[in-house]
Amino acid sequence: MKVTQPHTAAPQWKRTERRVAIQAAIAGAALAGLAWTGAGRPRPVPKPVDLAAPRSLEQLGLPLDATRALVPADNPQTPAKVALGQRLFFDRRLSAGGTVACSTCHDPARAFTDGLPTSIGVNGGTGQRNAPTVLNALYDKTQFWDGRVNTLEEQAALPIVNSVEMGQPTLEAAVAGIAADKTYPSAFRGVFGREPNGPDLLRAIAAYERTQASFDSPFDHFIAGDRGAIDDAAKRGWELFNGQARCNLCHALTDTKADVTNFTDNDFHNIGINIVRHQVVPLARQAEKLIRSGHAEDIDRAAIQTEMSALGRFLVTKKEADIGAFKTPNLRDVLVTGPYFHDGSQETLWDVIDHYNKGAGLQNPYLDVDIQPLALTEEQIDDLVAFLASLTSPDYRGQGIEELARQRALSRTTRPQRDTARAFGPKPPRPSPPAL
Ligand code: HEC
Ligand code: HEC
């Protein structure tokens, strides 16, 4: 198995020679330990074909001061640390049995996702949640769909010890796994001045992830004044996004100002994804008992390995209002990070918008008050998709074109979420929540 390839049949990108070359380079370097080892060695100049490489801070639309301010005082960015983190990110020896790397589920060739509805880890174990992209994760105020940790350092520890992801009994076991390779101790000493250890391993991985800022999309060029950078459909879509379609109520920092940077309010909402499938009340009771401790590892197990996953933010806060609430994701590169939502339940952006258009349409007492029927026509839905597609950074331009064509073709034959009567109907009354 290649390090960067998930081991089941997933919706395939068309394999271009370019992608094969990139994967071979990544896998070869990670396996042979050839690249990125020397502590003081200059990092390779990021080339557009090298999708794993640290990205430039000079991208149109990238908020430079804010990006620099996000680097924690106790983990400054250095080229050698980033290079070590990059190598660790692609190293399957971090996992029990040495089969799964971070990149298995966050593959740069798939915009740092795995293309699967929910992820598959060691021994083919399946989780309950869709792998979000690592691109721009540095800007997230909290990590994971339920925000159960705040920093990238804390985040990286959890998949390593989750039994269906990387399967290690402890973080120390992962350290032992990589320290057997003689080149790692010297790299750690060069970067941190000490032998390999858990906290430094997490610091290096987080430093690498902080280089994955992804901007410079056609939309950024449009906002910077190049009126021709996006087509008329995308322009109409941007208007709808901030108007009739009400997307800005959550995918913007504030309700009243258009957001051209991260497209998220850093908050959590129940927007009605799969909530009726679950008996949330008994699940909530179960969760309250099981995770009284509030430890991130306990929440992680519940979120990845049990039906309680559907409870979302409730697992973290135990507040009834947070049942089924999930983090508002950043929408950059969303065209190439499907399938969509925390459970990967929707295959195309048309399906996503159909869901919103009918106001979720469910009898869901925890549904966010801002979700309501939108009365969007087919043309308006196409325009919204065109806008979302314009948020694709140049590294994924080719894939974006192929993926948009694939999704468009699917949307013309299969629309499982479409319900025009509801979309143009009144807002249904919201049932009151059952007693917990
Ligand atoms: C088996 C697949 C798998 C592996 C291996 C894996 N992840 Fe993930 N990753 C996921 C899934 C699924 C989620 C979402 C889980 C959730 O929200 O509960 C996630 C979430 C994340 C997030 C949060 C992003 C966001 O928007 O909230 C980051 C960052 C991340 N992973 C980085 C890593 C790193 C670093 C490693 C290696 C140490 C790693 N992942 C290993 C599947 C995986
Ligand atoms: C009430 C807040 C809210 C509104 C309004 C809203 N969203 Fe979302 N959006 C969210 C949340 C929360 C999620 C994640 C939900 C989940 O997975 O359970 C999400 C997920 C998404 C996703 C999937 C992203 C991914 O990585 O899987 C897309 C695409 C999206 N929204 C686009 C839109 C568009 C387009 C609109 C307007 C038609 C819109 N949203 C309106 C809160 C909102």
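Note on region 39-85: among residues that are more than 30 Å from Gly398 (Cα to Cα) and of a type in the set (Lys, Arg), the one that is modelled with the lowest pLDDT is Arg41.
Just so you know, in region 135-180 the residues that are acidic (Asp, Glu) and assigned to a loop (DSSP other than H, G, I, E, B) include one that is farthest from ligand 2 (Cβ to nearest atom), and it is Glu165.
Considered as a group, the residues in region 181-193 that are farther than 14 Å from Arg92 by Cα and either not in a helix (DSSP H, G or I) or not assigned by TED's automatic domain parsing to the domain that holds Ala156 (or both) include one that is modelled with the lowest pLDDT, and that residue is Lys182. Which residue out of Asp220, Asp216 is over 20 Å from the mean Cα position of the chain (by Cα) and within 28 Å of Thr151 (Cβ to Cβ)? Only one candidate passes the filter, namely Asp220. In this structure, Val352 qualifies as outside the structural domain of Thr113 (by TED's automatic domain parsing), away from ligand 1 (no atom under 11 Å from the Cβ) and assigned to a helix (DSSP H, G or I). Can you find even one residue in region 133-152 that is under 14 Å from Glu165 (Cα atoms), without any contact (Cβ under 8 Å) to a residue 60 or more places away in the chain and near ligand 1 (Cβ under 8 Å from one of its atoms)? There is no residue in region 133-152 that is under 14 Å from Glu165 (Cα atoms), without any contact (Cβ under 8 Å) to a residue 60 or more places away in the chain and near ligand 1 (Cβ under 8 Å from one of its atoms). Among the numbered conditions (1) surrounded by 21 or more Cβ atoms within 10 Å (Cβ to Cβ); (2) assigned to a helix (DSSP H, G or I), the only one that Val281 does not meet is (1).
Can you tell which of Asn364, Asn357 is touching a Gly at 6+ places or on another chain (Cβ under 6 Å), under 25 Å from Cys247 (Cβ atoms) and touching a residue at least 24 places away in the same chain (Cβ under 8 Å)? Criteria check complete, one pass: Asn364. Return yes when Asn270 is without any contact (Cβ under 8 Å) to a residue 60 or more places away in the chain and surrounded by 16 or more Cβ atoms within 10 Å (Cβ to Cβ) and no when it is not. It is false that Asn270 is without any contact (Cβ under 8 Å) to a residue 60 or more places away in the chain and surrounded by 16 or more Cβ atoms within 10 Å (Cβ to Cβ).
For every residue, the table says whether it meets (1) within 28 Å of Ile275 (Cβ to Cβ); (2) buried (at least 22 other Cβ atoms within 10 Å of the Cβ); (3) not acidic (Asp, Glu).
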residue	(1), (2), (3)
Ala66	no, no, yes
Pro76	no, no, yes
Gly85	no, yes, yes
Thr99	no, no, yes
Phe112	yes, yes, yes
Thr118	yes, no, yes
Asn123	no, no, yes
Ala131	yes, yes, yes
Tyr139	yes, no, yes
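The residue list Arg236, Arg210 contains one member that is within 16 Å of ligand 1 (Cβ to nearest atom), at pLDDT 95 or above and either over 30 Å from Ala157 (Cα atoms) or of a type outside the set (Val, Ile, Thr) (or both), which is Arg210.
Restricting attention to region 196-252, report how many residues are of a type in the set (Asp, Glu), more than 23 Å from Lys81 (Cα to Cα), surrounded by fewer than 21 Cβ atoms within 10 Å (Cβ to Cβ) and away from ligand 2 (no atom under 15 Å from the Cβ).
So the answer is 4.
Within region 89-104, residues that are over 16 Å from Glu172 (Cβ atoms) reach partners that are acidic (Asp, Glu) and away from ligand 2 (no atom under 16 Å from the Cβ) with beta carbons closer than 8 Å, at six or more positions or on different chains, in the pairs Phe89/Glu209; Val100/Glu165; Ala101/Asp91.
With the structure loaded, tell me whether Pro339 is within 16 Å of ligand 1 (Cβ to nearest atom), under 29 Å from Arg415 (Cα atoms) and not aromatic (Phe, Trp, Tyr) or whether it fails that test. Write out each step before concluding.
On the way: within 16 Å of ligand 1 (Cβ to nearest atom): yes; under 29 Å from Arg415 (Cα atoms): yes; not aromatic (Phe, Trp, Tyr): yes.
Taking the combined requirement at face value, the residue satisfies it.
Consider region 297-333. How many of its residues are assigned to a helix (DSSP H, G or I), crowded, with 20+ Cβ neighbours inside 10 Å and among the hydrophobic types (A, V, I, L, M, F, W, C)? Qualifying residue count for the region: 10. Only one of the listed residues (Asp370, Asp395) is in the same structural domain as Thr264 (by TED's automatic domain parsing), within 10 Å of ligand 2 (Cβ to nearest atom), of a type in the set (Asp, Glu) and closer than 30 Å to Phe215 by Cα. That residue is Asp370.
Results for (1) surrounded by 14 or more Cβ atoms within 10 Å (Cβ to Cβ); (2) touching a residue at least 60 places away in the same chain (Cβ under 8 Å); (3) under 16 Å from His355 (Cβ atoms), shown as yes or no for each residue.
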| site | (1), (2), (3) |
| --- | --- |
| Ala375 | yes, yes, yes |
| Ala386 | yes, yes, no |
| Gly398 | yes, yes, no |
| Glu403 | yes, yes, no |
| Gln407 | yes, yes, yes |
| Ser411 | yes, yes, yes |
| Gln417 | yes, yes, yes |
| Pro429 | no, no, no |
| Pro433 | yes, yes, no |
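Taking the options Arg68, Arg92, name whichever one is more than 15 Å from ligand 1 (Cβ to nearest atom), over 25 Å from Ala389 (Cβ atoms) and either of a type outside the set (Asp, Glu) or touching a helix residue (DSSP H, G or I) at 6+ places or on another chain (Cβ under 6 Å) (or both). Talk me through it step by step, then tell me what you get.
Details: Arg92 fails: more than 15 Å from ligand 1 (Cβ to nearest atom).
Just a single option satisfies the conditions, and that option is Arg68.
The values are calculated or read from the model by the stated rules, or taken from the named source; none is laboratory data. As the structure is a computational prediction, the values presented were derived from the model and not from experiment. No Cβ is skipped: glycine too gets one built from the backbone with ideal geometry, and neighbour counts run over all protein chains shown.
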